[in-house]
1. Here is the link list: Lys20/Lys62; Lys3/Lys62; Lys20/Lys216; Lys20/Lys204. Which ones come out longer than 19 Å on Cα distance?
2. Along the charge dipole of the range 5-248, pointing to its positive end and built from +1/-1 on Cβ of Lys, Arg, Asp and Glu, which listed residue (Ile6, Gly222, Ala173) has its Cα farthest out?
3. Taking 7 Å along the Cα-to-C-beta vector as the label spot, tell me the Lys72-His98 distance in nanometres, rounded to one decimal.
4. How about Lys76: which aspartates and glutamates have a C-alpha closer than 18 Å to its C-alpha, ignoring those fewer than 8 places off in the same chain?
5. I want to check the label-to-label distance for Ile239 and Lys3. Put each point 7 Å from Cα in the C-beta direction and report it in nm to one decimal.
6. Run the numbers for Gln122 and Asn230: contour at 0.36 nm per residue of separation, minus the present Cα-Cα distance, in nm.
7. So between Ser176 and Tyr16, what do we pick up on full extension, going 0.36 nm a residue minus the alpha carbon distance?
8. Hey, how many Å between the Cα centroid of the range 118-173 and the Cα centroid of the range 189-225?
Amino acid sequence: MSKSNIIKVQQLSKHYDNHKILDNVNLEIFESDFTVIMGPSGAGKSTLLQNISTMDKPTSGKVIFNQQDLTKLTDKALSLFRKKDIGFIFQSFNLIEHLSVLENVCLPGLLLKTESKQQVIQRAKQLLTGLGLDAHMEQAITHLSGGQKQRVAIARSLINQPKILFADEPTGALDSTSGIEVLDSLTLNNQNGQTIVMVTHDLKAALRADRILFIKDGTIFGDRNFTPYNASQIAARRIEIESWLQEMGW
Ligand SMILES: Nc1ncnc2c1ncn2[C@@H]1O[C@H](COP(=O)(O)OP(=O)(O)OP(=O)(O)O)[C@@H](O)[C@H]1O
Ligand SMILES: [Mg+2]
């Protein structure tokens, strides 16, 4: 069965002054895939993620979503797209420290204003429970561990049921155990159909991928599909993915 694309990137370039950071990138992201972006530091991974997700604007090229070129949207349409259709998680969590866990998760839902406050709260509680945070809903963000904060950020990113979840090194600031918990949460959501695009340096994170894009010098140097993640075959998977990454020069 062929997968349908959710995003189509055409001839995307990004320059800073005269420096080409992304050079003529063509790429499709497929629905329900867990796509991982890897590559050396400075290769352009974060820049690619930001330009696909409308957090930044390409110098040239198109990003097609729903038959629309996102680079051409008006500010109003762009703001709605960001609230409704994408979720974003960052290495540094970006939570609002003076709000509680539940308030952080509800906030994007209340800003979107398509549902009642009660509906938003109910879904936030469901998400937090699913992420193992039911005992922490009323807690202040400052009292949580890094792994708990990142799971709050995942719940917040999913509150408006986005079409795509983007993540830039979501385990980069976490210890190994918390990192695995966050990856398990992302995997579970992906298995429930959530499309995910994640940048990482971490092999353990890359093992969750259905597909890995290897970026080098601002272009896609490698693009390979893998069978969906299965915890019981982790050893063989690690060998397969690690040896491919080494071929790529990782
Ligand atoms: N706002 C900016 N102005 C000028 N140059 C920039 C800007 N943002 C990024 N760059 C440059 O673009 C290149 C790619 O940066 P990017 O952050 O995308 O790399 P990366 O692959 O995510 O690296 P890392 O793995 O270290 O996060 C780097 O050389 C960086 O210095
Ligand atoms: Mg980066």
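1. Numbers: Lys20/Lys62 17 Å; Lys3/Lys62 21 Å; Lys20/Lys216 12 Å; Lys20/Lys204 30 Å.
Too far apart for the 19 Å limit: Lys3/Lys62; Lys20/Lys204.
2. Toward the positive end, the furthest listed residue is Ile6.
3. Distance between the two pseudo-spin positions: 4.3 nm.
4. Cα-Cα hits under 18 Å: Asp56, Asp85.
5. In this crude label model, Ile239 to Lys3 measures out at 2.5 nm.
6. Working: separation 108, 0.36 × 108 = 38.88 nm, distance 3.10 nm.
Here the segment from Gln122 to Asn230 would lengthen by 35.8 nm.
7. Value of the extension gain: 54.1 nm.
8. Centre-to-centre (Cα) distance: 22 Å.
The values are calculated or read from the model by the stated rules, or taken from the named source; none is laboratory data. What you are looking at is a predicted structure, and each value in this text was computed from that prediction instead of being measured. Every residue, glycine as well, gets a Cβ built from its backbone with ideal geometry; the counts of neighbours run over all protein chains shown. SASA here: full protein model, heavy atoms, side chains in, ligands and nucleic acids out. Shrake-Rupley method; radii C 1.70, N 1.55, O 1.52, S 1.80 Å.
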